[in-house]
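Colleague: Got a structure for you, written out below as structure tokens; questions coming shortly.
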Amino acid sequence: RPGGNIMHTTNLNDNVGIGTIDPLVMLDINNINGGSWGSPGLRIFKNTNSDLSAIGLKTNLQNWEIATISSSSSPAAHGLWFKDIYNSRVVLSLNSQDGNVGIGTTTPQELLHVQGTSGKLRVGESSNFIRIGFNSANSIIDNFGTGSLLINYYSGNQVTFGAPAGDGGGNIFVK
């Protein structure tokens, strides 16, 4: 206990603490001045009520969890995720069963599954980009670039709107 600071603690539950006298999880590293999980620090833990194992990272302004879970009742739950604890939302998930990646979802249904209330995916540079999204009634592709929106420019393949390819037609509205 050099200088009055707690350097290492082991409690009755075999939890190890560095910078805390009351480690709450398997490895509990807190601000060297001590304190509860309300203080900045790092935690490595396993939830005793589930198959969740996680690393918690906390500063005065941020609280993140990098977690993995394995659930026999929900195969989609197998994977790794990054969670914003303050806002209680998963921002990135990786599904170990099928390799799908989710942004804003813990159960990605496609190779890349983006889910959120803004409904927009932005691809490009800061002032030259396309945005794919939706509103309450429509699906939208917007070109915010300096040039034209080109579809199949390099492949030269057929583009069909409103009907499956080979169906002989489609619904096109040009304004």
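Colleague: If packing is taken as the mean number of other Cβ atoms within 10 Å per residue, what is the order of 120-131, 81-92, highest first?
Modeller: 81-92, 120-131
Colleague: Quick check on packing: order 139-152, 16-29, 53-66 by the mean number of other C-beta atoms within 10 Å, highest mean leading.
Modeller: Put in order of decreasing packing, that is 16-29, 53-66, 139-152.
Colleague: What whole number of Å gives the distance from the Cα centroid of region 114-144 to the Cα centroid of region 90-113?
Modeller: Spelled out, the Cα-based centre of one part sits 19 Å from the other.
Colleague: Can you tell me how much longer the chain between Thr146 and Asn13 gets when fully stretched, taken as 0.36 nm per residue apart minus their C-alpha distance, in nm with one decimal?
Modeller: Length gained between Thr146 and Asn13: 41.6 nm.
Values quoted throughout were computed directly from the atomic coordinates according to the rules given, and no laboratory measurement underlies them. Values in this document were obtained by computation on a predicted structure and should not be read as measured data. All Cβ positions, glycine included, derive from the backbone under ideal geometry; neighbour counts span all protein chains shown.
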